Amino acid sequence: MSIGGGGGGGPVGVSNSFTGIAESLEIIGTHCYAYSGQQLVDNNEADLLSFRTGNFYAVVNIQFNYPSAQADDFLYSTYLNDTKVQSYMVDHAKYYGYQNSFVRIVIPPYTEVRCTASNEGSTTERPIICSLTGRIYR
């Protein structure tokens, strides 16, 4: 777990640039983001994003993507402090090519956040991506 942050330096924090795939919350000014990159997920619940917020609250959109032509069903879940606050299943055979998977939540200060996925259709590993973007308020 890591605390999100930029913090010093210029107006967008210390690093001032996207450094690639991360499982922590990155902060640029008043905006925040986290990208899982493509992860292979089987029938075991897998963490795609896992981080702890800092001294701010955040209003974010979370999006899960299944970039595959396969038809497995996936369960997507979001946890705050180990409590499942959002969860939904997508029947990818029925909704192939269509994704309406944005979840909008408010994350309180100093909160452990986890976004997970599991293949409910088979034991086969399939590629899954999770993106979180939003705004922080101090």
- Item | In Hz, Karplus ³J(HN,Hα) per residue of the stretch 111-118 (6.51, -1.76, 1.60; θ = phi - 60°; x = Gly, Pro) | 10, 7, 10, 9, 10, 10, 8, 8
- Sort the stretch 26-137 into rounded, prolate or oblate with this rule: let a ≥ b ≥ c be the square roots of the eigenvalues of the Cα gyration tensor; rounded if a/c is under 1.5, and if a/c is not under 1.5, prolate when a/b is larger than b/c, oblate otherwise. prolate
- Message: Please compute the length gained on full extension between Ser24 and Thr111, using 0.36 nm multiplied by the number of residues separating them and subtracting their Cα-Cα distance.
- Response: 30.1 nm
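A short reminder: the numbers here are calculations on the coordinates, not readings from a lab. Every value quoted in this text rests on a predicted model; they were computed, and no experiment measured them.
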